[in-house]
Amino acid sequence: MVSRATVQLSKEQQAVYDRIEHTREHVFITGRAGTGKSTLLNHLSWHTSKTIVVCAPTGVAALGVGGQTIHSLFRLPTGIIADHEIKQSAELKRMLNSIDTLVIDEVSMVNADLMDAIDRSLRLARSRPHDPFGGVQIIMFGDPYQLPPVPPRDPDERAYFDDMYRSLWFFDALAWQSVDLEIIELTEIHRQSDDRFKYLLNGVRHGYVTAEMAAELNGMGARPQPSDNIITLAATNAVVNRINSAKLAAITGSALKAVADVNGEFTSTMFPADETLELKVGAQVMFLRNDPDGRWVNGTLGVVTHIENTVWVDVDGEEHEVHPALWERYKYRYDTETKTLTKDVVAEFEQFPLRLAWAITIHKSQGQTYERAVIDLGPRAFSAGQTYVALSRIRSLDGLYLSRPLTPRDIIVDNDVARFMRGSRADRPGAAAEQTAENPSDAKAEASGPEKATAV
């Protein structure tokens, strides 16, 4: 949960807070991992005189800031929303009418369609159809150099995005075409204190890594991995599942199995949970769905304490009974001639909303901090910002362990992000000083050799 503890803001953070507090500007606060975005958000939550609502795209992120998920807050369906009808209860309308400011954390995970749905929901609820976001101030936190929105797999969904948006990113939502968005980039790093590690991370973030920089990261990461329960951040679900299976096998006793009830068009790659879930008492698990009663959210960790027809899980010293959950899968059909998108329920999947959790994907680690971790990128990083997210979860080089050396192919920067962030340079506190002191994109870009990764 978000902490109420009083934290002294830096001069940079205080300036941003004052701007949010004393204007109605829509503001996007960004910055490298560990620059205190969460600290600033926490301070805003407890000290603002405005009536604010805090939300985030995932359960883990929402829990960390004491808010709700975007879908839960706005009662939005999953998948592409497009121009489909948005249903709102009287209670929801009253709540949305009561707020001054909407705060969105980890906004880099929000796609353009969802951002437009937020805009339309606020206009509808507040009966202000011609006012962007219904007159609500929008404050967003996140780093677009980290993980991008998940691209749609369905070809009709991809066609819809290609037809409607310049990119998947939140900043290319139609809602921002006629609205001023102030971009402020924090520069003071608080998570890492080692200047050299900051420098290396910044090179990875911007896509400029020299042979010397790569050798330093790889040298530290090549040390023998600890034998205790160090967490592994892996690029793929396959690696995560392999690690978790081995940990489960190490627990004495027989595993109990729960087989999912699957109906309709559900291929194995689309399953929201394991088709066959194997658990033992003592297994570390992660919840995959939000609890309607608020006892856990998607991403909450716990330990299995009892298994019968249901599963009992200890979460922070409190036991909860967990029942199977139902997921519905939708099929989208986009007609390029009529410019319409239809949505139908084509499958159902019922299973306990749990998964083994000695290892997690890099995607789910965003926003977290670890003293040490094993980074497993697989054969190569496959997503822009993936390597930067993984490395920047760790406090220092001493906590870095790599399953293999980094290569130039692991350093990927999204072209749309580079385009968007170029517009923020003039508004960044301390931008000029950073450019010469920390950003390797100028001083090191001319380096060459097999270990070098240049800007994408």
Does the range 114-183 come out rounded, prolate or oblate, given a ≥ b ≥ c as the square roots of the eigenvalues of its C-alpha gyration tensor, rounded meaning a/c under 1.5 and, failing that, prolate meaning a/b above b/c?
-> oblate
Using a 1.4 angstrom probe on the protein heavy atoms only, line up 363, 26 by accessible area, largest first.
-> 363, 26
What full-extension length gain, to one decimal in nm, is calculated for residue 268 and residue 396 as 0.36 nm per residue of separation minus the Cα-Cα distance?
-> 42.3 nm
Ranked packing of 171-180, 411-420, most packed first, by mean Cβ within 10 Å | 411-420, 171-180
Between residue 182 and residue 278, take the C-beta separation as r, use R0 = 30 Å, and let me know the FRET efficiency to the nearest 0.05.
-> 0.05
Overall form of the range 35-149 per C-alpha gyration tensor (a/c, 1.5; a/b vs b/c) | oblate
Compute the distance in nm between two label points, each set 7 Å from the Cα along the Cα-to-Cβ direction, one at residue 153 and one at residue 50.
-> 3.9
Which listed pairs, of 11/50; 198/364; 11/93; 37/93; 247/364, have C-alpha distances above 26 Å, in listed order = 11/93; 37/93
Give me the orientation-averaged projected area of the Cα convex hull of the range 146-274, in nm², one decimal.
-> 14.3
Taking the Cα centre of the range 206-267 as origin and charging only Cβ (+1 Lys, Arg; -1 Asp, Glu), how large is the dipole, in debye to the nearest 20?
-> 260
Options 49, 72, 160, ranked by Cα towards positive dipole end of the range 32-170, top entry (Cβ charges) = 49
Equivalent ellipsoid, the range 268-327 (semi-axes from 5 times Cα gyration tensor eigenvalues, Å) = 18, 15, 11
Using a ≥ b ≥ c from the Cα gyration tensor of the range 81-149 (square roots of the eigenvalues), is it rounded, prolate or oblate, where a/c under 1.5 gives rounded and otherwise the larger of a/b and b/c decides, a/b for prolate?
-> prolate
For the range 150-290, the dipole about the Cα centre with charges only on Cβ (Lys and Arg +1, Asp and Glu -1), to the nearest 20 debye, works out at 780
Note down the accessible area of residue 10, probe 1.4 Å, to the nearest 10 Å².
-> 20
Report the extension gain between residue 309 and residue 225 in nm, rounded to one decimal, defined as 0.36 nm multiplied by the number of residues separating them, less their alpha carbon distance.
-> 26.4 nm
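The values are calculated or read from the model by the stated rules, or taken from the named source; none is laboratory data. Just so we're clear, the structure is a prediction, and the values are computed from it rather than from any experiment. FYI the Cβ positions are ideal-geometry reconstructions off the backbone, even for glycines, and counts take in every protein chain you see. Note: areas computed on protein heavy atoms with side chains; ligands, DNA, RNA excluded. Shrake-Rupley method; radii C 1.70, N 1.55, O 1.52, S 1.80 Å.
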